[in-house]
Amino acid sequence: MTAPEENQTIRRRAPGMSPEQRREMIIQAAIPLITEYGAAVTTAKIARAAGIGEGTIFRVFADKDELLQACVAEALSPEHAIRELDAIDVSQPLPDRLAEAAEALQAHMSRMGAIVGSLGHRGGKHPGTVRGAGQDESTARIRAALAELLEPDKVALRRPPEQIAALFFGLLFTQPRTEDEPDLTPQELVEVFLHGALSGGVK
């Protein structure tokens, strides 16, 4: 293979990214590092993780502050969680559907907590502004996706699917932690949610 042909092959295998694609790639590389190092993470470290030169970051983001804000916005975005909820097989029994939904949403909240927690003491524009801006809309979209999972069992529900979805989401978001008891598994949480706190043997 001649040198020109080889160069053409390389270009075909590694097409240039659009600014939006490069932005997304940098954000995805940065999020785990922000979780680990918080606001102290350097753009040089992020560039190495992304496999790019540090200068490339500043062709996409005005400064490190803008990059951190973009990472917070990505962590708080409900898109990934909604895709996982939409992918749940609605032909499954309701407890199985809700257990899968609980796992997806707990993972989503864990991601949010890791990013916001790592930047939460920095002040300024970070999690507070971004979090407040679209939080209501994000919650509404997640509740709507949960309601779709409940729809096949609408007749058996005591309340409309939208209200049951809101209750379930609230339970997931506010599940208490106790030092002497392990956290409920998604299956256990769903069982308590659907059947109450009383065991089957209690009259």
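Give the stretch 88-101 a look and list any residue that's among the acidic types (Asp, Glu) and either assigned to a helix (DSSP H, G or I) or in contact with a Pro (Cβ under 9 Å, 6 or more places away or on another chain) (or both), or say none.
Those that are among the acidic types (Asp, Glu) and either assigned to a helix (DSSP H, G or I) or in contact with a Pro (Cβ under 9 Å, 6 or more places away or on another chain) (or both): Asp96, Glu100.
Kindly indicate the residue of the stretch 159-183 that is in a loop (DSSP other than H, G, I, E, B) and at pLDDT 95 or above and also most open to solvent (accessible area, probe 1.4 Å) among those meeting that condition.
The selected residue is Arg159.
Looking at the stretch 74-87 only, could you name the residues that are in a helix (DSSP H, G or I) and crowded, with 18+ Cβ neighbours inside 10 Å? Reasoning before the result, please.
Within the stretch 74-87, the subset in a helix (DSSP H, G or I) is 74-76, 79-86.
Within the stretch 74-87, Glu74, Ala75, Leu76, Ala81, Ile82, Leu85 qualify.
The values are calculated or read from the model by the stated rules, or taken from the named source; none is laboratory data. Worth saying up front: this structure is predicted, and the values here are computed from it rather than measured. Here the Cβ is made from the backbone with ideal geometry for all residues, glycine too, and neighbour counts use every protein chain on show. These area figures cover heavy atoms from the full protein model, side chains too; ligands, DNA and RNA do not enter into them. Shrake-Rupley method; radii C 1.70, N 1.55, O 1.52, S 1.80 Å.
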